[in-house]
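Structure first, commentary second.
The values are calculated or read from the model by the stated rules, or taken from the named source; none is laboratory data. Because the structure is a prediction, the values reported are computed rather than measured. All Cβ positions, glycine included, derive from the backbone under ideal geometry; neighbour counts span all protein chains shown. Quick note on the areas: whole protein, heavy atoms, side chains included, nothing else; ligands and nucleic acids left out. Shrake-Rupley method; radii C 1.70, N 1.55, O 1.52, S 1.80 Å.
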Amino acid sequence: MDALLINGPAKLKGEVKVAGSKNTALPLLFCALLFDEEVSYENVPRLWDIETTLGLLQSMGTESSWDKQAGTVRIFPRVRRREAPYEWVKKMRAGILALGPLLAKYGEAKVSLPGGCAIGARPVNFHLEALSKMGAEIRVEEGYIHARVVDRLRGTTYRFPQISVTGTENVLIAASFAQGSTTIENAAREPEVVALGKQLAAWGVPITGLGTSTIAVEGGRLKLPCAPVVIPPDRIEAGTWISAALATRSELTLTHTDATEMEAVLKVFRSMGAGIEVSADAKRIHVLPVEQYRAIDIETAPYPGFATDMQAQLLVNLCLANGKSRVKETIFENRFMHVAELRRLGAKIAIEGNNAIVEGPSRLLAAPMMATDLRASASLVIAGLCAHGTTKVSRIYHLDRGYQRLDEKLRHLGADVTRISE
Ligand code: EPZ
């Protein structure tokens, strides 16, 4: 297993290109299951989760090619097995996104239950409830979801009891192939959902309400035009770079961004005192650090609120701010696994229920740390960049799942980071 050795404190300098969005690419790759012809993609990030998705799709019989340098993927969807087996879904919970397209297109699907993970129990009951309401017969047996529908899925109205990103995506995909119209209430408004909806619309599906809590979909008109699917920039990677620049008090320019999707994150960092300039076209973000940061009090929330996927990274920034900060995690019940690791560097963070109380500023000193999940790994790397001495971050396969060559990019920006296997 790989680990990173980070010699800190580091200064970053220069420009960093933000890769395509992981959480947008995943549902769009699963959409290939809806077609009989080749589907092609551009700006696909080079990540383990993409490798896993293509492996899972291949296990169903599809063929694919991936030019990792060019960032292009081609999928030839000749599905023979309508199944997402446990071996794949256990590697990546987003395998649940196979359920909507398989069921919609083939009338049946067998998909492993994803199970819990380091950040929480993460059930998929809303996905199942919504698809049942669309006419599917669903039973869960021996760890698998078995779903069938006689004829086709039917449009319906489904109100999510709680906002769910992949839940909204599964229903959106299923609804685009179903008979009649579907209304999704209390839908996720995340940019990843909007990008998926816009692509379905480009494939001929009439959709209204994207980016609002009520999405209406007219099913049955899906057609594949020849233009490739272009994956938009990763807002969480961009946010992670801002966090790293501010934590190391470095001046950094991010390119290939879409700052219009990052208002909550930019607002939080600005309220801490950071200087952040955005170009007129929102594609470049220039980060200007300051010597003193202010403590803040915030909570994570579904979009347009502050993303839970940025909470771990923000905690490192708050360790360096003056005074007491509070971060309430409202999305996942167990998303503070990084706190115990950060404490090993000298961070003063207490957990009270779903609140992290941070006392700053702390002088961080290097220590070995263990990554527990994707965003937690990013926060440990940022902490390692600020800490004095050599920090080892083990189990960085979590990082490789969601950040395109983070260590290479860091070296390019001047940080002393080495990948080792242990
Ligand atoms: C997506 O996960 C993202 N994953 C996550 O990113 C992200 O943290 C999360 O949304 C929240 O923004 C992908 O897009 C592939 P949810 P998802 O369904 O869809 C509860 C990362 O680091 N819930 O929006 O699985 C659930 O337990 C990852 O890139 C149910 O109770 O999250 C949670 O408390 C990690 N029943 C809340 O809703 C359900 O059927 C929101 O989860 C579905 C969800």
* Please work out, to two decimal places, the log10 of the ratio I(q)/I(0) at q = 0.18, 0.28 Å⁻¹ from a Debye calculation in which every Cα of the stretch 34-74 carries one identical scatterer. => -0.48, -1.08
* Within straight-line cross-link reach of residue 13, lysines at Cα separation under 19 Å, skipping those fewer than 8 residues along the same chain -> 283, 409
* Structure fact -> Expressed in nanometres to one decimal, the distance between label points 7 Å along Cα→Cβ at residue 279 and residue 328 is 3.8
* Structure fact -> In nm², the average projected area of the convex hull spanned by the Cα atoms of the stretch 239-279 is 2.7
* Return a whole-number percent for the relative contact order of the stretch 268-422, with Cα pairs under 8 Å and 6 or more residues apart as the contact set. => 17
* Structure fact -> Along principal axes, largest first, the alpha-carbon spread of the chain in whole Å comes out as 63, 47, 41
* Please work out the C-alpha center-to-center distance from the stretch 378-414 to the stretch 132-156 and express it in whole Å. => 42
* Taking the C-alpha atoms of the stretch 45-98, convex hull volume expressed per residue in Å³ -> 67
* Structure fact -> Length gained, residue 74-residue 121, 0.36 nm per residue minus C-alpha separation, equals 13.5 nm
* **Residues in the stretch 268-305 reached by a label modelled at residue 348 [backbone nitrogen below 19 Å; 7 Å Cα→Cβ]** => 292-298
* Structure fact -> Probe 1.4 Å, all chains present, heavy atoms only: residue 421 accessible area in Å², nearest 10, is 100
* **Under 12 Å, Cβ to Cβ, from residue 166 - net charge with Lys/Arg +1 and Asp/Glu -1** => -1
* Structure fact -> One can check that the equivalent ellipsoid of the stretch 256-391, built from the alpha-carbon gyration tensor with semi-axes equal to the square roots of five times its eigenvalues, has lengths in Å, largest first, of 23, 17, 15
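Which net charge results for the neighbourhood of residue 359, defined as the other residues with beta-carbon distances under 12 angstrom from its beta-carbon, given Lys and Arg at +1 and Asp and Glu at -1?
Net local charge, residue 359 excluded: +4.
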* Structure fact -> So for R0 = 45 Å, FRET eff. of residue 139-residue 294 from the Cβ-Cβ r, to 0.05, ends up at 0.25
* Any chance you could list P(r) for the stretch 172-215, counting all Cα-Cα pairs in 10 angstrom bins from zero, rounded to whole %? => 31, 62, 7
* **Projected-area average for the stretch 107-188 over all orientations - Cα convex hull basis, square nanometres** => 5.3
* **Residue-level accessible surface for residue 237, protein heavy atoms, 1.4 Å, Å²** => 10
* Asked: In nm, what is the difference between 0.36 nm times the number of residues separating residue 390 and residue 13 and their Cα-Cα distance?
  -> 133.7 nm
* Computed on alpha carbon atoms, what radius of gyration and Dmax characterise the stretch 64-216, expressed in Å? -> 15.3, 43
* To do: Determine the equivalent ellipsoid of the stretch 315-376 by diagonalising the alpha-carbon gyration tensor, then write out the semi-axes as square roots of 5 times the eigenvalues, largest first, rounded to whole Å.
  => 18, 16, 8
* So what's the stretch 1-64 giving for Cα Rg divided by 2.2 N^0.38 Å, two decimals? -> 1.55
* **Whole-number D in µm² s⁻¹ for the stretch 262-341, Kirkwood Cα-pair radius fed into Stokes-Einstein, 20 °C, 1.002 mPa s** => 159
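Can you tell me which of 275-283, 146-154 comes out highest on packing, and rank the rest after it, using the mean Cβ neighbours within 10 Å?
Top to bottom by mean Cβ count within 10 Å: 146-154, 275-283.
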* To do: Throw me the Rg/Rh for the stretch 139-274, computed over C-alpha atoms with Kirkwood Rh, two decimals.
  => 1.09
* Per-bin percent of Cα-Cα distances, the stretch 10-129 [10 Å] -> 13, 43, 30, 11, 4, 0
* Asked: Can you give me the pair-distance distribution of the stretch 342-422, C-alpha pairs, 10 Å bins, whole percents?
  -> 18, 48, 28, 6
* Nearest 5 is fine: what % of DSSP beta bridges in the chain come out antiparallel, could you say? => 75
* To do: Starting from the Cα-Cα distance between residue 260 and residue 151, subtract it from 0.36 nm times their residue separation and give me the gain in nm to one decimal.
  => 35.1 nm
